[in-house]
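Asks: Questions regarding the structure given below will be posed in turn.
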């Protein structure tokens, strides 16, 4: 699977990248929302993983951009904010999953496996 990771926390970004590469996935790393949206315009990814709080464009804006582009790319949202309204808003906009930080990389891999069988 080709997976886009949009995360501005370098440690989390590298941890996810390492785990996904170890699982045999290809990854594209972006460190802000603007770069993630630009990447999505030119690349067809199988899955996007994005933090909600990102520089230049939020994870919600990335999710909206994917939908506006007409893509069916599943999106896993990451956030240290576990507020119910944020979670519900993400799901209303079409998020496939939501994980509250801190999270186990192994839990993320299990959730990703649900999308690789589609």
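Each reported figure results from applying straightforward, stated rules to the coordinates on display, with no laboratory input. Quantities reported herein were computed from a predicted structural model and do not represent experimental measurements. We place every Cβ from the backbone using ideal geometry, glycine too, and count neighbours over all the protein chains shown.
Asks: At a threshold of 8 angstrom on Cα-Cα distance, excluding pairs fewer than six apart, so keeping six or more, what relative contact order does segment 4-45 reach in percent?
Replies: Reported relative contact order: 48 percent.
Asks: I would also like to ask the following. Using Cα pairs closer than 8 Å and at least 6 residues apart in sequence, work out the relative contact order for segment 43-112, in percent.
Replies: The value is 30 percent.
Asks: Where does each of 64-70, 38-44, 95-101 land if you order them by average Cβ count within 10 Å, highest first?
Replies: Those peptides, ordered most packed to least, come out 95-101, 64-70, 38-44.
Asks: Here's something else I'd like to know. Can you tell me, using C-alpha contacts under 8 Å and at least 6 residues apart, the relative contact order of the chain as a whole percent?
Replies: The value is 24 percent.
Asks: Let me ask something else about it. Considering the alpha-carbon set of segment 33-118 alone, what are its Rg and its Dmax in angstrom?
Replies: 12.3, 33
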